[in-house]
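To start, the structure under review is shown below, and the notes come after it.
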Amino acid sequence: MRAATMPTQPELKPWINEIRAYVPGKSKTDDGRELIKLSANENPLGCSNAALAALKEHGDPELYPDPNSRALARALGNLHEIDPAQIVCGTGSGELLHCAVQAFAGPGDEVLFSKYSFSLYPLIARKVGAAPVFVEDDDFTASVDHILASVTDKTKVVLLDNPNNPGGTAIGRDEVRRLHAGLPSNVLLVLDHAYGEYVEDAMDDGGFELASSAQNVLVTRTFSKAYGLAGLRIGWATGAPNLIDALNRLRGAFNVSAQGQNAAIAAVQDQEFVALSRGVNAAGRKRLAQAIAALGNHGLRAIPSQANFILVLFEGDVTATSALEALDDAGYAVRHMPGQGLPNALRITIGKPEDMENVISTLQTLCGEPA
Ligand SMILES: *Cc1c(COP(=O)(O)O)cnc(C)c1O
């Protein structure tokens, strides 16, 4: 006979019980109306035509893909002047972030990141049984001093999204060097470059260089943002051989589909599309930032962004919730993150120029200014 204390159903591990599932950006109103999606930092220009053509090419779907995405690693290595052996591809950079944390942190360990950073980070830390540590930042910019001061014997991984999501801010080369120099060498530093392609050259954080020389630095990149291939789920990482070896042990065996590998190779070879995306984004970002600055007397404030979105704070009478509703009525979905402790902010993806104008005039009207 079963003891009375026996559980009657499978028991969730307590650290898994702590996980709140990732909340994706909305694309519909609550009553099902389609919205123009400025809530997930996708590329408003779509993707490279060459990538689209590669995707439509008749493949052999009955065959497994190259498990090591070698041709894609070669194409990336060529572009960024990295030894392809130091590159591993993943099912989005999300898979590789998971693997990196899983390889080096577990129950009893700590995973550090800035208070306002990628909402997947705490979920990843909890998934492996480690404690997520939310470090104080400096008005949405990562604080190297605070991160270093938060390191303990239990710290195993520091995750730095640079540029940061949701702030869009980035720290430069000197600050990244100082962070790395101040970390114990047994702590893994992950530089998450999801928005790396959008960063102005002068703001390059030197991540690739560091990843090629240090034993404890991993850089992750993605095809989901500037390359416009979020639906294909492809990312990659580079770092020292010991780190690449760890990721290769943990990642899915056939983690990138054959179609995805083909499309990504074509996308890498079409840097014109990336340059076009960067240009359209820079113009739209500047336009939106200036329009928000002009609404400063109504308490709106744009955090300076290096990425393809702007975090707008509502620090006056006009609330983020009212702006969310007005934009919803105008047909736009943007990102409200009360669950991340940001009830007074909206993250707005830079869309097509005409959509930016509609968003701006909606906010102007809401503030009682002539649109
Ligand atoms: C969007 C984003 C990613 C990309 O995730 P994928 O799994 O590659 O789609 C990674 N990090 C940050 C900070 C992001 O905003």
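Derived from the Cα gyration tensor, the three semi-axes of the equivalent ellipsoid of the chain are 32, 27, 23 Å, largest first. In this Cβ point-charge picture (+1 for Lys and Arg, -1 for Asp and Glu), the chain has a dipole of about 760 debye about its Cα centre. Checking the a/c ratio against 1.5 first, then a/b against b/c, what shape does the Cα gyration tensor give for region 128-246? It comes out rounded by the Cα gyration axes. Centre-to-centre, using Cα atoms only, region 136-164 and region 40-79 are separated by 34 Å. Of the DSSP H helices in the chain, those with a Cα length along their own long axis of 27 Å or more and a mean Kyte-Doolittle hydropathy reaching 0.0 comprise 271-294.
Taking trypsin sites (Lys or Arg not before Pro) in DSSP loop conformation with at most 12 other Cβ atoms inside 10 Å as exposed sites, the chain has its longest uninterrupted site-free stretch at 34-371. Across SER361, SER48, SER69, mean-square fluctuation computed from a Gaussian network of the chain (C-alpha pairs under 10 Å connected) peaks at SER361. Of GLY339, GLY196, GLY331, the residue with the greatest mean-square motion in the GNM of the chain, using alpha carbon springs below 10 Å, is GLY339.
Restricting attention to the chain, the count of lysine pairs at 8 or more positions apart or across chains with alpha carbons under 16 Å apart stands at 8. Scanning the chain for GluC sites (Glu not before Pro) in DSSP loops with at most 11 neighbouring Cβ atoms within 10 Å leaves 201-371 as the longest stretch between them. Just checking the listed ones, GLY351, GLY94, GLY296: in the Gaussian network model of the chain with Cα springs under 10 Å, the one fluctuating most is GLY296. For ILE36, the residues whose modelled amide H falls within less than 5 Å of its own, excluding neighbours fewer than 5 places apart on the same chain, are TYR332, ALA333. A cut-off of 5 Å between modelled amide H atoms, ignoring neighbours fewer than 5 places along the same chain, links PHE309 with ILE350.
Here, each number is a calculation from the coordinates, and none is a lab measurement. Values in this document were obtained by computation on a predicted structure and should not be read as measured data. FYI the Cβ positions are ideal-geometry reconstructions off the backbone, even for glycines, and counts take in every protein chain you see.
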